[in-house]
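Shown next, in structure tokens, is the structure this report addresses.
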Amino acid sequence: MDSSILTILTFLPILGVILIWLTGKENHSMIKIIAWAVTFIDFVLSLYIYFNFDAAESGFQFVYNVPWISHFGIQYAVGIDGISLWLVILTTFLGWLAVWSSWTAVKDRLKGYMVSLLILQTGMLGVFVSMDLFLFYVFWEVMLIPMYFLIGIWGGPRKIYATIKFVLFTMLGSLLMLVAILFIYFKSGGTTFSILELTRFCVTLPVSTQMWLFAAFGLAFAIKVPMFPFHTWLPDAHVQAPTAGSVILAGVLLKMGTYGFLRFCIPMFPQAFEQFIPAISVLAVIGIIYGALVAMVQKDVKSLVAFSSVSHMGFIMLGLTALNMQGMQGSILQMLNHGISTGALFMIVGMIYERRHTRMIAEFGGVFKSMPIWSTFFIIVALSSIGLPFTNGFVGEFLILTGTFGVAPVYAILGATGVILAACYMLWMIKRVLFGELTKDENKNLTDLKLFEKLVLVPFIIMIFWIGIYPSTFLNPMKTSVEKLIGDVTKYVKHTDIENEAEAFIPYNPHEPQTEEHADVRH
Amino acid sequence: MFNLLWLVPAIPYFSFVILAVFGKRMPRSLSGLLGVGSVGISAVISVLIGIQFMSSPPAGDFFMQKLWTWMGVGNFQPEIAFHLDALSLLMMLVVTVVGFLIHLYSWEFMEDDEGFSRFFAYMNLFVGSMLTLVLANNLVLLYLGWEGVGLCSYLLIGFWYKDSENGAAARKAFIVTRVGDTAMAIGLFLLFWNLGTLDIQEILNSASMQWETGSGLALAVGLLLLGGAVGKSAQLPLQVWLPDAMAGPSPVSALIHAATMVTAGVYLIARTHVIFDLAPIAQTVVAIVGAATLLIAGFSALKQHDIKRVLAYSTISQIGYMFLALGVGAYSAAMFHFMTHAFFKALLFLGAGALIMCLHHEHNMFKMGGMRKQLPLTFWTFLIGSGALAAVPLITAGFYSKDLILWRAWTSDSGSPILWLAGIVGAFITAVYTFRMVFVTFFGKAKMQANHRPGARISLPLVVLAVLALIGGFVEMPHTLGHFAPFSKFMHSVLPEVHGAHLSISIELLFQIIAVVITLTGILTAYIFYYRKPELAENMAKSGFGSALGRFFYSGWGFDWFYYKFIVGPFVWIARVNKKDIIDFIYTIMAMICQIFNFVFRQTQNGRIRFYAAGIAFGAVIIVAIVMFT
């Protein structure tokens, strides 16, 4: 079971696709039930992985390895470590809820829609579990196709513009990455695509070569994150995508970018990474502030949330550049947080869209009166998005800023202003949508959430508070993997902040005898 | 008994969850009982813990209770743990006991409100957060409570959400305080990376060992923490949110914007006093901020006509006194004034709330008048509160605490005559605006008819708080009155004694006489201008200079205007200009260039044979030319 579990997990949605294929086109309820059941079982399977995951082990677990195209040394190799564990669970979690949230929202061509969602899930899971670079690239590209259809077919009025933009941006990055992958493959002797072995090879490359490779990989990932200034595809894609598409896009697809940095860019090209740290930090900070500023003046709630993603993803990138435990773990946790909070926000917006067929802020006002339950969910999620303590956002952002402050105080201070701006745009939007007098007749007769809608949102709320109150559940399994990553990278980086850290302060020792002066202060 | 400590914040949190989830379906009496009862139980436990703490103090004069490690990453290990010592005990008692009285009052005050259970949910969440703030053993947990009370303040200011003005006030409060909070968060990062811990006791110990007096780090940390404190405690330059926060229901103003939350800044500085002792410049800044704020807010209070705005400015001003005390190193004097202020200011806000409720939600005190006869209980309790605020000598609590601050402002090592002067001028203004409020509201001709008298659940808290506002000061008597000072003695296990010259009792007496004369003159001034000869005040307000100054004071010294003009305005302008996201323009241009090329090349494919033939010939010529000439 243990060696095949990741394969089962990854390809289970394909089984769902086959089952749906066999179902009649008009049999909507059957299609929905199959999709729901498959994604739910997938989620349960990912929990099984969590419970059997050995947090003390820093390397890959549940590894399964067979030759695939042995002539080129391509393998089907999957495995999971502390870094990808939570992303896999996040994917199955959101995948399940995304199917659920489409229960009544999608009526047109439901079969194709569910098939797209399921194939997408296989693609995403594949990306996170691949231990072979070629396999990774295949999944990476597979992911693009269902997303293309989801936006292009079930999207809003400007769906064609949005999908083409999305595909062009992503393809540009992926192609450069493919060139870099092939370069590494041939340079290393053309025998293997194994990520672990190629990593061992790449770190020996001269810095100038590393820089080019880092740039090629980095661009692909930076577009996916998206980092400023490559972010402009995101608002269009989000605004046009159907609810489930937005949830998956924001929740999981953006994490591919940051995951790529963690898995490839940073460990493979550590010296190049060191050179790029200032540039990445600056872009991250610009992204934080810029995204927040643009979010503030958006008229469409969805595009506000999209720009807020740009801002939040900036935090995650900033944490990665800190290259210490607080920053890195904070970033990984924040990936999870962003997936949960932004995913929930998109669902909440989707629910009002289903009722009012508009997302324009100006169309609302005073909705708290007609939809108190929906509004309460909205407020909780918005507060978690602006990082209020006891919600998930706080833990992530606080760790990231703590970590960053240790190596680059100025960036941390600038990043912290993003926290103020987040409060500005979120609360302003909340005020305009929920509070005030109910003026529009259409808003007076809105029906509050149905039972199944509440059930979809409750898991998000549980996660928001769980991570906020007891984040150890999530931090502990990733600890050793992150330690190993930082250890590996700092071996090659001349100026290591980790070592300096030990000298920078003398830890307080409670058993030390109290000095005179100190006794004075206490009494 | 100490082991029950965690219950004190946990019970209000629990009740919040119940009310938030099931409140809608509960009968009002049950939500009321739950909302008020939970804080009541917390108060009882607090008092029992307090009694035990005083009768048999724990080892080292503190008690620590660890629940779990919050987020453990590397050596960053903030815990969910509570630290009980004299300082946090005092805060805990005030929060729960005064909090309970205000909850009891709210039960009647909010009875007919449609958001009854929502109100108590928020109030309980507030009490829980505030207790977390004061009991936290590390700064991250303190920060959690700090943001939590900010959230409740936001929710409760905007409680009557249908009026979008209230929503705006709520948002303003949250964002302005968050500016301060962010400064504080940066201070926390700085502390962590230099001392390797955020445990408050460890910070205090290692700071005093590792940092020298006057070190730059201590100064930076001190100023950043001060940034957080001025935001939350509505001091210069972040005081602008508090007057607007009066949009919330009166019990909210009493609990959050008078008695507890706004004094969190005072608590923070007292709690981390070691850092301020190490950074004399930061400490001086605290004193200057306090002195400047108490004057500016005092003058603003003189011209308000909304009774709650008078009290709001007065709160800002009184917290200014506390900052002044902190700034001269008189920490226990600051905490003493915090305590008495919690009693009398909560009383005044509750009294004002009772007035407003009985007078059809009228806030303008110039439309009230003569309420002394109609609402006698409210009048007498309000009068006691006003007396305490104006520091009427000997019989009120405010006298003892304010007198101590004034005395220390001059005689402490870091004090100065200028600080004392600011305090004494402030005392005069306080007396004037307080009794202006009393005379205008309760004396003269009645301009309105009260529709009913407050019931028992409103009257009882008023009476209890009035008693506390009278006797609360007797725990700390000056040397001239026998120096019975159990309060500061109790506080000395946490807060250091004031360093200052030991002057003779006669000098102290002289200072007290000056203060008393100033207060009485202030009351007399108010009596003449607003009762005996109101035309005097009117004439003054009508003169050109007088009306300009009046408007200036009324607007709170133009801070709002300034911030809007120079910060909010430009900011929004930049955001508006960039609404379309200028970066996208670059990509649009790229796409356009492609389309232009597409257009140009499309022209070549026109289907005409002659054109193609000409093209081939032209191309051939060029190729031949290239071959020949290279």
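Points worth noting:
- Tail beyond 59 Å, pair distance distribution of the protein assembly as shown (Cα, percent): 19
- Other residues lying with their Cβ under 14 Å from the Cβ of A:HIS338 contribute a combined charge of +1, Lys and Arg counting +1, Asp and Glu -1.
- Pairwise label distance in nanometres, B:ASN606 with A:HIS357, each label 7 Å out on the Cα-Cβ vector: 4.7
- Sites B:LYS162 and B:VAL577, calculated FRET efficiency, Cβ-Cβ separation with R0 35 Å, nearest 0.05: 0.60
- Longest site-free stretch - chain B; sites: GluC sites (Glu not before Pro), DSSP loop, at most 14 other Cβ within 10 Å: B:213-496
- For B:LYS489, a cut-off of 21 angstrom between C-alpha atoms picks up these lysines, skipping any fewer than 8 places away in its own chain: B:LYS402.
- Estimated vicinal HN-Hα couplings, Hz - the stretch A:376-391 in sequence order (Karplus 6.51, -1.76, 1.60; Gly, Pro = x): 5, 4, 4, 5, 4, 5, 4, 5, 5, 5, 8, x, 7, x, 6, 10
- Mean separation of Cα contacts under 8 Å, 6 or more apart, over the residue count of chain A: relative contact order %: 15
- Counting Cβ atoms of other protein chains within 10 Å of each residue's Cβ and taking the mean over peptide B:166-179 gives 4.
- Chain B packed on chain A takes about 6300 Å² of accessible surface away from a 1.4 Å probe, both sides summed.
- Entry note, the stretch B:279-534: relative contact order of 26 percent, from Cα contacts under 8 Å with a spacing of 6+ residues.
- Counting only heavy atoms of the protein chains and using a 1.4 Å probe, A:ASP108 has close to 80 Å² of accessible surface.
- For the stretch B:63-70, 3J(HN,Hα) per residue [Karplus equation, 6.51 cos²θ - 1.76 cosθ + 1.60, θ = phi - 60°, Hz, x = Gly/Pro]: 10, 10, 10, 9, 9, 7, 7, 6
- The residues packed around B:VAL149, meaning those with a beta-carbon under 13 Å from its beta-carbon, carry a net charge of 0 if Lys and Arg are +1 and Asp and Glu are -1.
- With the simple model of a label 7 Å out from the Cα in the direction of the Cβ, A:PHE452 to B:CYS594 spans 4.0 nm.
- Taking only the alpha carbons of the stretch B:279-534, we obtain Rg and Dmax values of 18.2, 57 Å in that order.
- Alpha-carbon centroid distance for the pair the stretch A:353-421 / the stretch B:365-407, whole angstrom: 43
- Across the accessible surface of the protein assembly as shown, with the other protein chains kept in place and a 1.4 Å probe, carbon and sulfur atoms take up 70 percent.
- Cα centroid separation - the stretch A:1-69 against the stretch B:190-255, whole Å: 50
- Extension gain for B:HIS479 to B:LYS533 (0.36 nm times residue separation, less C-alpha to C-alpha distance): 15.5 nm.
- Residues of type lysines that A:LYS491 reaches as a straight line, Cα spacing below 30 Å, ignoring anything fewer than 8 places off in the same chain: A:LYS187, A:LYS224, A:LYS255, A:LYS479
- 0 to 90° range, to nearest 10: angle between helix B:139-157 axis and chain B longest Cα axis: 90
- Calculated from backbone phi, Karplus (6.51, -1.76, 1.60) coupling profile of the stretch B:560-569 in Hz, x at Gly/Pro: 4, 4, 4, 5, 5, 5, 10, 10, 5, x
- Computed over the alpha carbons of the stretch A:36-175, Rg followed by Dmax gives 16.8, 50 Å.
- Long-range HN-HN contacts of B:GLY500 with modeled amide H, under 5 Å: B:ASP413
- Within the straight-line cut-off of under 19 Å between alpha carbons, the lysines reachable from A:LYS111 are A:LYS25, A:LYS32, sequence neighbours fewer than 8 places apart in one chain being disregarded.
- Relative to the compact-globule estimate of 2.2 N^0.38 Å, the Cα radius of gyration of the stretch A:235-385 comes out at 1.14.
- Helix-only CD estimate at 222 nm, as mean residue ellipticity for chain B, using -39500 (n - 2.57) per DSSP H run (n ≥ 4): -23500 deg cm²/dmol
- Cα→Cβ-extended label distance, 7 Å offset, between A:GLU141 and A:THR209, nm: 2.5
- Selection from A:ILE74, A:GLY95, A:LEU45 lying farthest towards where the dipole of the stretch A:31-132 points positive, charges on Cβ: A:GLY95
- Placing +1 on the Cβ of every Lys and Arg and -1 on the Cβ of every Asp and Glu, with no other charges, gives chain A a dipole of roughly 1980 debye about its Cα centre.
- Accessible area, probe 1.4 Å, largest first, for residues A:ILE461, A:ILE31: A:ILE461, A:ILE31
- Solvent-accessible area per residue, Å², over chain A with all protein chains present [probe radius 1.4 Å]: 34
- Taking amide H as placed 1.01 Å from N in the peptide plane, A:GLN61 has its amide H under 5 Å from the amide H of A:ILE80, A:ASP81, each at least 5 places away in sequence or on another chain.
- For a paramagnetic label modelled on B:SER55 (point 7 Å from Cα along Cα→Cβ), amide N atoms under 20 Å away belong, within the stretch B:1-21, to B:1-6, B:8.
- On the basis of the beta-carbon distance and an R0 of 35 Å, B:PHE14 and A:MET30 show a calculated FRET efficiency of 0.20.
- With the charge dipole of the protein assembly as shown set up from +1 on Lys and Arg Cβ and -1 on Asp and Glu Cβ about the Cα centre, the Cα lying farthest toward the positive end among the listed residues B:LEU549, A:LEU475, B:LEU465 is that of B:LEU549.
- Cα-only radius of gyration and Dmax that characterise chain B, units Å: 30.2, 118
- Computed over Cα pairs, the Kirkwood radius of the stretch B:580-628 leads via Stokes-Einstein (0.890 mPa s, 25 °C) to a diffusion coefficient of 180 µm² per second.
- Listed residues B:SER253, A:SER208 arranged by accessible area, highest first, probe 1.4 Å: A:SER208, B:SER253
- Linear extension gain, B:GLU212 paired with B:ILE616, 0.36 nm per residue minus alpha-carbon span: 136.8 nm
- Other protein chain Cβ atoms within 10 Å, averaged over every residue that makes up A:411-423: 4
- Radius ratio Rg over Rh of the stretch B:227-309, counting only Cα atoms, Kirkwood formula for Rh: 1.01
- The ratio of the alpha-carbon radius of gyration of the stretch B:71-169 to the globular-protein estimate 2.2 N^0.38 Å is 1.27.
- The distance from the alpha carbon centre of the stretch B:289-338 to that of the stretch A:309-336 is 41 Å, rounded to a whole number.
- Rolling a 1.4 Å probe over the protein chains gives B:ASP413 an accessible area of about 120 Å².
- Given +1 at the Cβ of Lys and Arg, -1 at the Cβ of Asp and Glu and no other charges, the dipole of the stretch B:279-534 around its Cα centre is 1180 debye to the nearest 20.
- Entries of B:LYS66/B:LYS345; A:LYS450/B:LYS172; A:LYS299/A:LYS454 with Cα pairs more than 32 Å apart: B:LYS66/B:LYS345; A:LYS450/B:LYS172
- Accessible surface ranking for B:LEU90, B:LEU33, B:LEU383, 1.4 angstrom probe, highest first: B:LEU33, B:LEU383, B:LEU90.
- Built amide H within the under 5 Å cut-off of A:ILE74, gap 5+: A:TRP68, A:ILE69
- For B:204-216, mean number of other protein chain Cβ atoms within 10 Å: 3
- Å³ per residue enclosed by the Cα convex hull of chain A: 158
- Ligands, DNA and RNA excluded, the heavy atoms of A:ILE280 present near 10 Å² of accessible surface to a 1.4 Å solvent probe.
The values are calculated or read from the model by the stated rules, or taken from the named source; none is laboratory data. Only a predicted model underlies this, so the values are computations on that prediction, with no experimental measurement involved. Note that each Cβ is placed from the backbone with ideal geometry, even for glycine, and that neighbours are counted across all protein chains shown. Note: areas computed on protein heavy atoms with side chains; ligands, DNA, RNA excluded. Shrake-Rupley method; radii C 1.70, N 1.55, O 1.52, S 1.80 Å.
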